[in-house]
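Below is one structure, written out as structure tokens, with a few remarks after it.
Please treat every number below as a calculation from the coordinates, not as lab data. These figures come from a predicted structure and were not determined experimentally. FYI the Cβ positions are ideal-geometry reconstructions off the backbone, even for glycines, and counts take in every protein chain you see.
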Amino acid sequence: MDQNRAIRETFLPYGRQWIDQEDIDAVVNVLKGDFLTTGPYVTKFEQELADFVGAKYAVTFSNGTAALHGACYAAGIGAGDEVITSPLTFAASANCILYQGGKPIFADIDEQTYNINPKEIEQKITDKTKAIIPVHFTGQPSALDEIHDLAKKHQLIIIEDAAHALGAEYKRRKIGSISDMTMFSFHPVKHITAGEGGVITTNNKVYYEKLIQFRSHGITRDPNMMKENHGPWYYEMLFLGYNYRLTDIQAALGSSQLKKADKFLALRMNYASMYNEAFKNTSGITIPFQQTNCQSSWHLYVLRLERDKLTGNRKEILQALINKNIGVNVHYIPVYLLPYYQELGYKQGLCPQAEKLYEQVITLPLFPAMTENDVSDVIEAVKEVINTYSN
Ligand SMILES: *Cc1c(COP(=O)(O)O)cnc(C)c1O
């Protein structure tokens, strides 16, 4: 058998959106209406999002990164403040701290869940610590009980980075309803898409009002918040905000997608269990650990390579899968190893578990628009490649 034969004719990406006619009609409908930017569809989408996760408020942003920036502003993070986050995440989870002049502090991950380890968080807390940003890596909820205990003890604000976790549950509670603020992203590879977009959900009215102002120049028209009032045209700028608004075009797409969120999640869970079943006894690879009291939203399916049982390294194995038209990927380069962070002074060796895991992981294709046949192709390709590189 040719070890390099493509398993399939077309390249299967690791993730992509699913847009149907209903989504297209929803967008076209907005284009024919009165509002293009922030209008009634944004308000509607926000209400639906708040209902979906079980939070009081939802404030949308132009993307998830802007939403995290807004959350850091609302949390009062400023120069000299330290914020603890996971190294095993996308750069935005830490960049949002830098935007506010704060200092990202990386606490190492748990070897089993790949999420930030509460014991490591505890060791990094100082009198400058202001907040914790746990990231629900792959959609598997972080140890929120332990993190909330630490936050209570040290009076810290919790901002969940739930970009991977729309629909996930922590001990029967929906992610998005639990902490001070929670961010979701609507980038096309995430659970639902608005093209670009993000949201903060919260139960706190003060945060809610700050977020609304922050995304629109720091401007208010609320008479109760203004120093003067010259007339109906009058507004005041209270602080230096940004233009981070979502458009009605995007919100209409988001609303239409949200209706399908449960279906999308069920498909992700089905494909993940097919992978789990296929790989649980395969020597050389470790399937993702599942917490029994949580429901992962399965944004990513990450296999861990057992280096001592394989002759090839991660790069060779990844390339062999790409040669078979399977779009595998790697999540994530530990944030502080990125050149920008290295120049800020973060040193290699800071979070050994995250660095070790980074060398061993491969993300398999997982998205609702793929088929069971696609999943079977991935399984066949992985088994062939792992077999080739087994010792
Ligand atoms: C996608 C993502 C973000 C940023 O979201 P955008 O909408 O792309 O700005 C932040 N954190 C994590 C973990 C993500 O995966």
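Each peptide in 376-384, 217-225, 173-181, 74-82 receives the mean, over its residues, of other Cβ atoms within 10 Å, and ordering these scores from highest gives 173-181, 376-384, 74-82, 217-225.
Considering only alpha-carbon pairs that sit under 8 angstrom and 6 or more positions apart, the relative contact order computed for the chain is 23 percent. Stick to Cα atoms and the Kirkwood definition of Rh, then tell me Rg/Rh for the chain. The Rg/Rh ratio comes out at 1.00.
Using C-alpha pairs under 8 Å with a sequence gap of at least 6, the mean separation divided by the residue count of the range 162-294 gives a relative contact order of 22 percent. Counting Lys and Arg as +1 and Asp and Glu as -1 over every other residue whose Cβ lies under 14 Å from the Cβ of Asp161, the net charge comes to -1. For the range 149-303, evaluate the Debye formula with one uniform point scatterer on each Cα (no solvent term) and list log10 I(q)/I(0) at q = 0.11, 0.13, 0.19 Å⁻¹, rounded to two decimals. Debye output, listed in q order: -0.61, -0.79, -1.23. Report note on the peptides 240-253, 143-156: ranked by the mean count of other C-beta atoms within 10 Å, highest first, their order is 240-253, 143-156. All C-alpha to C-alpha distances of the range 62-169, sorted into 5 Å bins beginning at zero, yield P(r) values of 2, 14, 26, 26, 21, 9, 2, 0 percent in whole numbers. Beta bridges from DSSP with both residues in the chain: antiparallel share about 60 percent, rounded to the nearest 5. Tilt of helix 21-31 relative to the longest C-alpha principal axis of the chain, in degrees (0 to 90, nearest 10)? Long axis of 21-31 versus the principal axis of the chain: about 30 degrees. Using only Cα atoms and rounding to the nearest 10 degrees, what angle (0 to 90) does helix 205-214 make with the longest principal axis of the chain? Roughly 90 degrees between the two axes.
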